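Comments concern the structure below.
The values are calculated or read from the model by the stated rules, or taken from the named source; none is laboratory data. Small disclaimer: the values here were computed from a predicted structure and weren't measured. Don't worry about glycine lacking a Cβ; one is built from the backbone with ideal geometry, like all the others, and counts go over all protein chains shown.
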Amino acid sequence: MKKHYENKLKKSRHSIMDSKELASIAFIEGKLVEGAIEYLMKEGFVNIITPHITKATGSCENINTLFELDYFGQKGYLVQTGQLYLEGFIPHFKKVYCVGPSFRAEPKVDHRHLTEFPLIEIEFETEESNGLYKLMEYIEGIICSMISKVLREARNELNFLGADIKYLENIKPPFKKITYREAIEILNNKGYEVKFGDDLKHEHEQAVVKHFGDVPVFITHYPQHIKFFNMRMNENDPTIANSTDLILPFSGEAVGAAEREHNYEKLIKRLEDSTMLKMLKEKGGSIDDFRWYLELIKKKPIPHAGCGIGLNRVAQFVLKSSDIRACAAFPMNKENLM
């Protein structure tokens, strides 16, 4: 993206509402979503409308970023993920998806975080083994369909904003795949001090993608203790989860994905031992917030997997922008409320 456009697009939206730059961003956002949906429909996924006000079952790992509200005397939250609600329909439809807002009470006002953004999520039934690899195949298909859609139908807007068309045309599956341990080895060889169990920072992610020539990279098999409680542990090494993040140039982690734990006893144990539940209890919640989900898995223990794709981080990658605020029609953060 041209730097002066990026700087303009970081301004308050009311001051640039009539600009061609903002209209181009809005158009590109819409086409990216259409590209994802077209691929999912072709692959037989069923669209599920998930709730946007939930119990803690609508949260991601960090409970402290939930927007809390009084829901007629009950404690409720603005949703962060529709994942667990999607999982409820796997027994009926096998493959499901949703597109909805994800709300994060992020106090930071910076180039990487928003308090609201669109999230594209999928969940699907898998074989007992190798579900992670089918999941990565679906993610590659979704991302490439999103790129193809904007290249076909938003090329004028891409050119206007200064996108690198040739670069986008060369993004093809399969994407590079490395394990978390391999990523740590690469980083330590480059002078970073990262040990097993550390969550990778944005600078680490960008060092990895640069190492492979600024292309999308899957990092797989993260330590299970830093991931969501229902990510399935690896049978050969229970210290790691059958998980992956897709790291994109410029934006970093754009997709979080994993096989899901479908063994009821293991799931209960993971939840009881999770930092997430400890944080929830400090807020007055309990394991009962997850009771309906636990009962679902107990009744229907189906192997499955899924992911969440952050739209605006994909847009950042498509536009080669260093700032997520320039890649959303309405970039919500602590300083921006319309």
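Tabulated results
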{"item": "Set LYS283, LYS227: member being surrounded by fewer than 19 Cβ atoms within 10 Å (Cβ to Cβ), modelled with pLDDT under 95, of a type in the set (Lys, Arg) and closer than 30 Å to TYR77 by Cβ", "result": "LYS283"}
{"item": "Selection count, the stretch 152-188, where residues are hydroxyl-bearing (Ser, Thr, Tyr) and either more than 30 Å from LYS2 (Cβ to Cβ) or outside any helix (DSSP H, G or I) (or both)", "result": "2"}
{"item": "Any hit, the stretch 303-314, residues being more than 19 Å from LYS55 (Cα to Cα) and polar (S, T, N, Q)", "result": "yes"}
{"item": "Qualifying positions in the stretch 53-90 - loosely packed, with under 13 Cβ neighbours inside 10 Å and of a type in the set (Phe, Trp, Tyr)", "result": "TYR71, PHE72"}
{"item": "Every residue from the stretch 284-302 that is in contact with a Lys or Arg (Cβ under 8 Å, 6 or more places away or on another chain) and more than 15 Å from ILE268 (Cβ to Cβ)", "result": "GLY284, GLY285"}
{"item": "Residue in the stretch 7-22 that is within 30 Å of LEU280 (Cα to Cα) and among the acidic types (Asp, Glu) present", "result": "no"}
{"item": "All positions within the stretch 261-282 that are in contact with a Lys or Arg (Cβ under 8 Å, 6 or more places away or on another chain) and of a type outside the set (Phe, Trp, Tyr)", "result": "GLU261, HIS262"}
{"item": "Positions within the stretch 179-203 being touching a Lys or Arg at 6+ places or on another chain (Cβ under 8 Å) and touching a residue at least 24 places away in the same chain (Cβ under 8 Å), in sequence order", "result": "PHE196, HIS202"}
{"item": "Hits in the stretch 108-133 - residues which are part of a loop (DSSP other than H, G, I, E, B) and either at pLDDT 95 or above or in contact with a helix residue (DSSP H, G or I) (Cβ under 7 Å, 6 or more places away or on another chain) (or both)", "result": "HIS111, ARG112, LEU114, THR115, THR126"}
{"item": "Counted residues, the stretch 44-96 - those being out of contact with any strand residue (DSSP E or B) (no Cβ under 7 Å at 6 or more places or on another chain), of a type outside the set (A, V, I, L, M, F, W, C) and closer than 21 Å to LEU311 by Cα", "result": "5"}
{"item": "Pair list, Cβ under 7 Å, 6 or more apart: the stretch 5-33 residue part of a helix (DSSP H, G or I), other residue at pLDDT below 90 and surrounded by fewer than 16 Cβ atoms within 10 Å (Cβ to Cβ)", "result": "ARG13/MET338; HIS14/MET338; GLU21/LYS8"}
{"item": "Single condition THR57 does not satisfy, out of (1) more than 20 Å from LEU161 (Cβ to Cβ); (2) part of a loop (DSSP other than H, G, I, E, B); (3) modelled with pLDDT under 95", "result": "(2)"}
{"item": "Selected residue (only one of LEU248, LEU267 is out of contact with any His (no Cβ under 8 Å at 6 or more places or on another chain), free of Cβ contacts under 8 Å to residues at least 40 places away in the same chain and crowded, with 21+ Cβ neighbours inside 10 Å)", "result": "LEU267"}
{"item": "Breaking point among (1) surrounded by fewer than 15 Cβ atoms within 10 Å (Cβ to Cβ); (2) touching a helix residue (DSSP H, G or I) at 6+ places or on another chain (Cβ under 8 Å), for THR50", "result": "(1)"}
{"item": "Of all residues making up the stretch 289-316, the number that are in a helix (DSSP H, G or I) and not small (Gly, Ala, Ser)", "result": "16"}
{"item": "Subset of the stretch 189-229 [among the β-branched types (Val, Ile, Thr), under 24 Å from ASN170 (Cα atoms) and not in a loop (DSSP other than H, G, I, E, B)]", "result": "VAL208, VAL209, VAL217, ILE219, THR220"}
{"item": "Residue tally, condition closer than 30 Å to LEU319 by Cβ and touching a Ser or Thr at 6+ places or on another chain (Cβ under 7 Å), over the stretch 220-242", "result": "3"}
